[in-house]
Amino acid sequence: MTDQLDCALDLMRRLPPSQIEDNLSGLLDLVPDLTEPLLSAVDQPLKIAHDPVTKREYLLCDYNRDGDSYRSPWSNKYDPPLEDGALPSAELRKVEVEANEIFDIYREMYFEGGVSSVYCWDLDDGFAACILIKKTQDRSAKGPPMRGTWDSIHVVEVQDNKKSGHYKLTSTVMLNLQTDTTATGQVGLAGSLTRQDEKDFPVSETTPHIINIGRMVEDMESNLRRTLEVIYFGKTKDIANELRSSTAANVLQQRADLQKQIGSSIGNKQRS
């Protein structure tokens, strides 16, 4: 069972990330016994659902799923209804409600749209939370033809030590970009990054757990965005330039000769 799971996860890492849902579905058809561990281990693009009670959208993931039902962070109800579904404790539910309100503001500030959801569950020595953010952009109708999706999944485990807290954060960002123009043709970029971080923060009335978690998530998303910019865009540009230069060879040679002439002239002046 363990060998099969390791092989399946290794295969998923090698398949195109833009087709992760189709690849995972085909893999589950081949080895249905690995359904639960694979769904828990493989991050998929987030899906949006509508809460009929509060009339608000929320995100679906493995952390708010119980069987075939999903719990809304706004109403705390399962859809389809589930009588004995897992729920956070009353005290933790207050934290969850506040966290959803805070990260809803965070999402609007940084993403200017999209959907966010926060789910919490109790642990023996504290609690854990999953922060989800999804933003989809489609500019095909106006401006440059571009479609893009950003999915971020942050899972944080909190060890509550009364006056301090130990926080272990695991963050995954999935990016999918597609453009189609007459100049470049159809171009697609897709992939994901996962990073971890552990920190200790003091806990008080002015700096509760939510503030500490928010600070870690904000810093992590900024770092992941910079890394994506370097890897996906910077490296892709470098590889493309190595394969085919955008400037003719004779023009590059003229520039190189001019640089040598300027360098020689500066050297002669310094010697004289």
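Some observations on this one:
- With the convex hull drawn over the C-alpha atoms of the chain, the volume per residue is 240 Å³.
- Cα gyration tensor, region 8-86 - rounded (a/c under 1.5), prolate or oblate: prolate
- FRET E, pair LYS47, GLU198, Förster distance 35 Å, beta-carbon r, rounded to 0.05: 0.70
- Of interest is the spacing of the C-alpha centroids, which for region 143-179 and region 81-130 amounts to 14 Å.
- In nm, spacing of pseudo-spin labels at ARG147 and SER69 (7 Å Cα→C-beta vector): 3.4 nm
- Counted charge near VAL173, where neighbours are those whose Cβ lies closer than 12 Å (Asp, Glu -1; Lys, Arg +1): +1
- Gain on full stretching of the segment that runs from ASN223 to ASP10 - 0.36 nm per residue minus C-alpha separation: 74.1 nm
- Normalised by the number of residues in region 1-131, the average gap of Cα pairs under 8 Å and 6 or more apart makes the relative contact order 15 percent.
- Selected from HIS50, HIS154, HIS209 as most flexible by GNM, with the chain as the system and alpha-carbon contacts under 10 Å: HIS50
- Net length gained if the chain between SER89 and ILE231 were fully extended (0.36 nm per residue, minus Cα distance): 47.0 nm
- Fluctuation leader among THR172, THR181, THR194 - the chain, Gaussian network, Cα springs under 10 angstrom: THR181
- Sequence-separation-based contact order of the chain, relative, with Cα cut under 8 Å and 6+ spacing, percent: 10 percent
- Expected 222 nm ellipticity per residue - DSSP helices of 4 or more, -39500 (n - 2.57), all of the chain, to 500: -12500 deg cm²/dmol
- Set of region 63-96 residues, backbone N closer than 15 Å to the point 7 Å along the Cα-Cβ line of ALA128: 63-66, 86-89
- Overall form of region 1-145 per C-alpha gyration tensor (a/c, 1.5; a/b vs b/c): oblate
- If you plug the beta carbon distance of THR35 and LEU189 into 1/(1 + (r/R0)^6) with R0 = 45 Å, you get a FRET efficiency near 0.90.
- Cα gyration tensor shape of region 107-226, rounded if a/c is under 1.5, else prolate or oblate by comparing a/b with b/c: prolate
- Under a Gaussian network description of the chain, with springs only between Cα atoms under 10 Å, the residue in ILE133, ILE102, ILE231 that fluctuates furthest is ILE231.
- Summed side-chain charge close to ASN64 - residues other than ASN64 whose Cβ falls under 12 Å, Lys, Arg +1, Asp, Glu -1: -1
Computed from the coordinates by the stated procedures, all read-outs in this text should not be read as laboratory data. Just so it is clear, the model here is predicted, and its values are computed rather than measured. Glycine also receives a Cβ, built like all others from the backbone with ideal geometry; neighbour counts cover every protein chain displayed.
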